[in-house]
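The values are calculated or read from the model by the stated rules, or taken from the named source; none is laboratory data. Computed from a predicted structure; not experimentally measured. Cβ placement follows ideal geometry from the backbone for every residue including glycine, while neighbour counts extend to all protein chains displayed. Side chains are part of the model used for accessible areas, which takes the heavy atoms of the whole protein and leaves out ligands, DNA and RNA. Shrake-Rupley method; radii C 1.70, N 1.55, O 1.52, S 1.80 Å.
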Amino acid sequence: LDYSATTPLHPKVLEAMIEFAQTSVGNASSIHSFGRSVASRIDEARATLGAFLHCNFTDIIFTSGATEANNIALAGLITKYISRYPHQKPHVITTTIEHSSVLEVIKSFADRDLIEVTYITPHEDGVVDAQSIKQALRDTTLLVSVMYVNNEIGTIQPIREIGKIVEKHNNAKERAVEIAKMNGERVELLPLQKTYMHTDATQAPLYCNCDVLHLHVDMLSLSAHKVYGPTGVGALYVKAGTPLANILHGGDQELALRPGTHNSLGVVGMGEAFKRLTPEWVSEYASRLLPIRDYALSELQKIGGVINGSLTSRTPHNIHVTFPGCEGQMLLYQLDAKGYCVSTGSACSSGASLPSHVVLALGKDVADAQASLRITLGENTTKEMIEGFIEALKPLVKCDTIDTL
């Protein structure tokens, strides 16, 4: 019950990876026939992701995962700008509930006083108000980065609405510059005509429309192991013309943005995983999970659970629940001993003892943040599994609460 941490490798994906591993031995950067054969398989996977995102396949950069994709997108854009215009401090907008790979990158630049940052806090239901993004925009805003689906509480953010707001903001700035130039005025903000829109869509492909034209985004991050693909491989969509500095050095692979020998086996697996995600499959998948999720929500509330996050703008696989007076980490260990795997937050920070910054951003206190569990469903989850899980959880919640009191 921890599918948001990682999904199991789908048999068809494994089959494709085994076939590739047994028949392909070349390095994709080699120009001989072995290398060209591997390069063609990588291009096939690139084309699959391009079709899924409705973009040119040349706009896809393969990475080691969404964390690296986020780093390349944000650090690459900011570094490129400040290297060109060292005397102008760009402005960045993000939210308080982003993944650490977004927040830490932004913090690293802010700590060096290289950028100004506006952090948008969501409503109590965990959904960001698009109008708050609009109000935060400035002429100097270089970047807006908002997660599509929150990895802890499963809330879906209005990325299309935010993307359209950023687009209108850019259009208005372009018109202002044109008018200023026609009037012979000196235009101080020419380098900042464009505000770029990035979304971390790691948790979105199984449930949300990821058409980049529909979303009006310039960059979008993905990871294979959230969609029944292999771990250790991801991708970044970069709209043509988006200026990124290479923050990694040592080769010209992936437009020099991700140098190094390709993880060709992982890339082939990622392509196969995304090939499965047709609109029909995604719709059927969500329809099957929703009643199981709703049943779990109802049963958890009966035993004292408090559900976090919106119940409407939320993926059909996510349950985030607080048991006041309990210790989430202890519940996790006890459930694991009974054969049920859940999480207390993001798997990327599961070893940390700090309370979830996402739950705190909802207005919860530290005690509630540390009394929370993330339960996420997937392809193999059944109602019977949830029934067994609830029965295993009931005595733990009661005993843990009594002991704490």
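So which of 350, 310, 343 ends up being modelled with pLDDT under 90, among the hydroxyl-bearing types (Ser, Thr, Tyr) and touching a Ser or Thr at 6+ places or on another chain (Cβ under 7 Å)? Walk me through it before giving the result.
Working: 310 fails: modelled with pLDDT under 90; 343 fails: modelled with pLDDT under 90.
Among 350, 310, 343, only 350 is modelled with pLDDT under 90, among the hydroxyl-bearing types (Ser, Thr, Tyr) and touching a Ser or Thr at 6+ places or on another chain (Cβ under 7 Å).
Take the residues in region 158-207 that are in a loop (DSSP other than H, G, I, E, B) and of a type in the set (A, V, I, L, M), then tell me which one is modelled with the lowest pLDDT.
Top of the filtered list is 189.
Being crowded, with 24+ Cβ neighbours inside 10 Å and out of contact with any Phe, Trp or Tyr (no Cβ under 6 Å at 6 or more places or on another chain) is the filter here, so list the residues in region 220-239 that pass it.
221, 222, 223, 224, 226, 228, 229, 233, 234, 236, 237, 238
If I go through region 294-327 residue by residue, how many of them are in contact (Cβ under 8 Å) with a residue 12 or more places away in the chain, outside any loop (DSSP other than H, G, I, E, B), open to solvent by 10 Å² or more (accessible area, probe 1.4 Å) and under 17 Å from residue 155 (Cβ atoms)?
Of the residues in that region, 4 qualify.
Does region 217-248 hold any residues that are hydroxyl-bearing (Ser, Thr, Tyr) and in a strand (DSSP E or B), and which are they?
221, 223, 237
Among what's in region 132-157 and is out of contact with any helix residue (DSSP H, G or I) (no Cβ under 8 Å at 6 or more places or on another chain) and in a helix (DSSP H, G or I), pick the residue that is surrounded by the fewest Cβ atoms within 10 Å (Cβ to Cβ).
By that ranking, first place goes to 135.
What about residue 317, is it more than 22 Å from the chain's Cα centre (by Cα) and not hydrophobic (A, V, I, L, M, F, W, C)?
Against the criterion (more than 22 Å from the chain's Cα centre (by Cα) and not hydrophobic (A, V, I, L, M, F, W, C)), residue 317 does not qualify.
With respect to residue 250, determine if the residue is among the small types (Gly, Ala, Ser), surrounded by fewer than 22 Cβ atoms within 10 Å (Cβ to Cβ), at pLDDT below 95 and within 20 Å of residue 39 (Cα to Cα).
Taking the combined requirement at face value, the residue satisfies it.
Just the residues that are out of contact with any His (no Cβ under 7 Å at 6 or more places or on another chain) and open to solvent by less than 40 Å² (accessible area, probe 1.4 Å), please, taken from region 20-35.
20, 24, 26, 30, 35 - these are the residues of region 20-35 that are out of contact with any His (no Cβ under 7 Å at 6 or more places or on another chain) and open to solvent by less than 40 Å² (accessible area, probe 1.4 Å).
Name the pairs: first residue in region 145-174 and touching a residue at least 40 places away in the same chain (Cβ under 8 Å), second residue among the charged types (D, E, K, R) and in a helix (DSSP H, G or I), Cβ to Cβ under 6 Å, at least 6 apart or on different chains?
Once the first residue is touching a residue at least 40 places away in the same chain (Cβ under 8 Å) and sits in region 145-174, no partner that is among the charged types (D, E, K, R) and in a helix (DSSP H, G or I) comes close enough.
Could you tell me how many of the residues in region 76-103 are closer than 30 Å to residue 124 by Cα and not hydroxyl-bearing (Ser, Thr, Tyr)?
Taking region 76-103 as the starting set, the residues that turn out to be closer than 30 Å to residue 124 by Cα are 90-103.
Next, from what is left, pick out any that are not hydroxyl-bearing (Ser, Thr, Tyr): 90-93, 97-99, 102-103.
The total comes to 9.
Considering (1) within 23 Å of residue 235 (Cα to Cα); (2) buried (at least 20 other Cβ atoms within 10 Å of the Cβ); (3) modelled with pLDDT of 95 or more; (4) not hydroxyl-bearing (Ser, Thr, Tyr), say which one residue 38 fails and leave the rest.
The one condition residue 38 does not meet is (3).
If only one of 13, 92, 105 is modelled with pLDDT of 95 or more, more than 28 Å from residue 277 (Cβ to Cβ), among the aliphatic types (A, V, I, L, M) and in contact with a helix residue (DSSP H, G or I) (Cβ under 7 Å, 6 or more places away or on another chain), which one is it?
Details: 13 fails: more than 28 Å from residue 277 (Cβ to Cβ); 105 fails: more than 28 Å from residue 277 (Cβ to Cβ).
Of 13, 92, 105, the one residue that is modelled with pLDDT of 95 or more, more than 28 Å from residue 277 (Cβ to Cβ), among the aliphatic types (A, V, I, L, M) and in contact with a helix residue (DSSP H, G or I) (Cβ under 7 Å, 6 or more places away or on another chain) is 92.
Inspect all residues belonging to region 251-273 and state whether any of them is more than 30 Å from residue 19 (Cβ to Cβ) and outside any loop (DSSP other than H, G, I, E, B). So that I can check it myself, show each step before the final result.
Initial filter on region 251-273 (more than 30 Å from residue 19 (Cβ to Cβ)): 256.
Then drop every residue that is not outside any loop (DSSP other than H, G, I, E, B), which leaves 256.
Looking for residues that are more than 30 Å from residue 19 (Cβ to Cβ) and outside any loop (DSSP other than H, G, I, E, B), one finds at least one in region 251-273, hence yes.
Can you give me the number of residues within region 355-374 that are in a helix (DSSP H, G or I), open to solvent by less than 20 Å² (accessible area, probe 1.4 Å) and over 19 Å from residue 149 (Cβ atoms)?
1
With respect to residue 378, is the statement that it is at positive phi, at pLDDT 90 or above and not in a helix (DSSP H, G or I) true? Please lay out each step first, then the result.
On the way: at positive phi: no; at pLDDT 90 or above: yes; not in a helix (DSSP H, G or I): yes.
Here the answer is no, as residue 378 does not meet what is asked.
Evaluate region 280-290: report whether one residue or more is open to solvent by 30 Å² or more (accessible area, probe 1.4 Å), over 19 Å from the mean Cα position of the chain (by Cα), closer than 26 Å to residue 19 by Cα and touching a residue at least 12 places away in the same chain (Cβ under 8 Å). Step through it out loud before you land on a result.
Of all residues in region 280-290, those open to solvent by 30 Å² or more (accessible area, probe 1.4 Å) come to 280-281, 283-284, 287-288, 290.
Still in the running and over 19 Å from the mean Cα position of the chain (by Cα): 280-281, 283-284, 287-288, 290.
Right, trim to closer than 26 Å to residue 19 by Cα and you get 281.
If we keep only those that are touching a residue at least 12 places away in the same chain (Cβ under 8 Å) as well, we get none.
Within region 280-290, none of the residues are open to solvent by 30 Å² or more (accessible area, probe 1.4 Å), over 19 Å from the mean Cα position of the chain (by Cα), closer than 26 Å to residue 19 by Cα and touching a residue at least 12 places away in the same chain (Cβ under 8 Å).
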